[in-house]
Amino acid sequence: AINKRLLVRRVESKRWRPLESPLVRTNYDGSFQSHTKRSCTRIVVRNSNGFVLGSSTTIYNNIPTVFAAEALACFQAVEMGIGLGFLDAKIEGDALIVVKLNAKKQDGSLISAYIMDSKSISTNYRICIFLHAQRQGNGVAHLLATKCIRKGETTYLLEEVCNLPNLT
């Protein structure tokens, strides 16, 4: 009878979780040197306020074409966002690979394996939108990818991008 009159409140400890936020914007670009078959992918992840959440530059050897360099950059961008734990993302690049990513069927091109892999891992997001960005809108990623291939350095930074003057 006494239990019916007392309000019992159960207290549980819950694990802290970050608040769900709007889509993050991931810009990627790939630069390519045909004479060395080297490429550099550059990725910049920002929140809706433009704050940099992460960035990376990665050098690759034995890349066959500029199209493969761009497709690899896209794949790395999708993978980076998942690795950072984001659920909702816009993936933007200035190459027309985005058209192939949004296509329903495979085209059998040299880069189709990269496209299939990007589509496959993008299903780990709750929302993933692939967009084409004009070069002006993808300027930071493009500039850093171009400078990166000259320097030959791989970087991975959280909440910042590498300093532009140091890339010259």
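The values are calculated or read from the model by the stated rules, or taken from the named source; none is laboratory data. Predicted, not measured: the structure shown is a model, and the values here were computed from it. As a convention, Cβ positions derive from the backbone with ideal geometry for all residues, glycine included, and neighbour counts pool all protein chains shown. Side chains included, ligands, DNA and RNA excluded: accessible areas come from the protein's heavy atoms. Shrake-Rupley method; radii C 1.70, N 1.55, O 1.52, S 1.80 Å.
So here's what we get for this one:
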item	result
S48 being part of a loop (DSSP other than H, G, I, E, B) and open to solvent by 10 Å² or more (accessible area, probe 1.4 Å)	yes
Close pairs from region 83-96: first assigned to a helix (DSSP H, G or I), partner open to solvent by less than 50 Å² (accessible area, probe 1.4 Å), Cβ under 9 Å, at least 6 apart	G83/G54
Hits in region 84-116 (condition: out of contact with any Asp or Glu (no Cβ under 9 Å at 6 or more places or on another chain), at pLDDT 85 or above and either closer than 17 Å to I127 by Cβ or open to solvent by 80 Å² or more (accessible area, probe 1.4 Å) (or both))	L84, G85, F86, A89, K90, I91, E92, M116
Single condition A145 does not satisfy, out of (1) open to solvent by less than 90 Å² (accessible area, probe 1.4 Å); (2) touching a helix residue (DSSP H, G or I) at 6+ places or on another chain (Cβ under 9 Å); (3) modelled with pLDDT of 75 or more	(3)
